[in-house]
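Rule-based calculations on the coordinates, nothing more; no lab input. Quick caveat: nothing in here was measured; it's all calculated off a predicted structure. Here the Cβ positions follow ideal geometry from the backbone for every residue, glycine too, while neighbour counts run over all protein chains shown.
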Amino acid sequence: MDHVPAVFPAQRARTQIENICDTHNHVFGPFDRFPLQHPPDYTMPLAPLETYLEMQDRTGVARGVLVQPTQQGCDNTDLLHALESAGDRLRAVGGLRSAVDDKTFARLDKAGVTALRFVEAPLPDGSPRPGAVEFAEIPGLASRLAACNWAVDAWAPLPRLIASLDVIMQEDVPVIFEHMGMLDVRSGVADRHFQSMLGLVREGRIHVKLSVCRCSTEAPEYEDLRPFHDALVEANPDQLVWGSDWPFIRMDGNEPDPAKLLDLFCKWTDDAGLQRKILVDNPTRLYGFPEG
């Protein structure tokens, strides 16, 4: 399988905030030790744990949330290795189906998994992503998610997310929309689906990851996303977290610098209190990191 080295920051982010958490990352490899369960037909980044931790250090990020990639399906071996190696520095969003036994669920809980990922984001050709766990699996996991205080991480185009709320949102289970809900910038801030998401954020019913590189058509400054970002921050900053999406799978040479993404967030969110809330306090609470 072809692979390329993961992107590294050219320099450290400018912010001096301590205990920043990047809530959306993946690790891949070494592939001879952690082979992909669903190898794609595109080039994958080589991004093992050691590379990932070095990237965090160079960016100025103290904590991270690793998200189970669809390429690994429900094989959480790579995630568990990372959690066991890095301790309280990391938490993870795993991949499980409702048929999972309680022993496996308990093992992931003890290791530091604090959410499960569910994906209905199709490939560019419209086909389902191999290895993705569909929203229909959520109700069968809801009681165990609630008992462990785990969250649902949901990735799909925004209209699909809004249409699936009855399935995604379960009693006593926090919900997180990945990648700014995969909103469509062409539809504008007045789009009814974005307004629905904004209302859910305002009411404290969902969380949203402010990760910009999957929705914008104007890299590397992402100015077309600025109105959506500002609207979410104004609606309810208590419901927002930040994520880079490193190592930027399938970006065809347009991978951003993670430190510059963090600088961009701080530029757009020009208030030290809000920065700390979104970068530190909210992910500490949502993903169960130690206080302080």
For a quick check: sort Y287, Y222 by the number of other beta carbons within 10 angstrom, fewest at the front. Y222, Y287
Would you kindly derive the ³J(HN,Hα) couplings of the stretch 80-94 from the backbone phi angles with the Karplus curve 6.51 cos²θ - 1.76 cosθ + 1.60 (θ = phi - 60°), listing them in order in whole Hz, with x for Gly and Pro? 5, 4, 5, 5, 5, 7, 9, x, 5, 6, 10, 10, 8, 10, x
Would you kindly derive the ³J(HN,Hα) couplings of the stretch 224-231 from the backbone phi angles with the Karplus curve 6.51 cos²θ - 1.76 cosθ + 1.60 (θ = phi - 60°), listing them in order in whole Hz, with x for Gly and Pro? 5, 8, 4, x, 5, 4, 5, 5
Can you give me the relative contact order of the chain as a percent, contacts being Cα pairs under 8 Å and 6 or more apart? 20
Where is the GNM fluctuation largest for the chain (alpha-carbon springs, 10 angstrom cutoff): F135, F105, F248? F105
Across the stretch 105-112, in residue order, what do the Karplus-derived ³J(HN,Hα) couplings come to in whole Hz, using 6.51 cos²θ - 1.76 cosθ + 1.60 with θ = phi - 60° and x for Gly and Pro? 4, 5, 5, 5, 4, 5, 6, x
The stretch 18-287: C-alpha gyration tensor shape, a/c 1.5 cut-off, then a/b vs b/c: rounded
Quote the relative contact order of the stretch 1-153 in percent (integer), defining contacts as alpha-carbon pairs under 8 Å separated by 6+ residues. 21
In nm, to one decimal, how far is the E84 label point from the Q195 one, both placed 7 Å along Cα→Cβ? 5.1
Please identify which residues in the stretch 183-197 have an amide N closer than 19 Å to a label point set 7 Å out from the Cα of D224, following the Cα→Cβ vector. 183-195
Of G87, G29, G131, which is the most mobile in a GNM of the chain whose springs link Cα atoms less than 10 angstrom apart? G87
Hey, can you grab everything whose amide H is under 5 Å from the amide H of V175? Only 5+ residues off in sequence or another chain; H modelled, so Pro and N-termini drop out. V152, H207
Give me D153, D75, D102 sorted ascending by neighbouring Cβ count inside 10 Å, so fewest comes first. D102, D75, D153
Net charge around P30, counting only other residues with Cβ within less than 12 Å of its Cβ (Lys, Arg = +1; Asp, Glu = -1)? -2
Could you tell me the relative contact order of the stretch 29-114? Use alpha-carbon pairs under 8 Å, at least six residues apart, and round to a whole percent. 27
Once both label points are put 7 Å beyond Cα along the C-beta direction, the E134-L46 separation in nm becomes 3.7
Can you spot the aspartates and glutamates whose alpha carbon is less than 14 Å from K267's alpha carbon? Ignore those fewer than 8 places along the same chain. E221, E223, D230
Ranking D224, D270 by Cβ neighbours within 10 Å, fewest first, what do you get? D270, D224
Total charge of the residues flanking A136 in space, meaning their Cβ is under 12 Å from its Cβ, with Lys and Arg +1 and Asp and Glu -1, is -3
Restrict the search to the stretch 212-247; then list the GluC sites (Glu not before Pro) that DSSP places in a loop and that have at most 13 other Cβ atoms within 10 Å of their Cβ. E218, E221
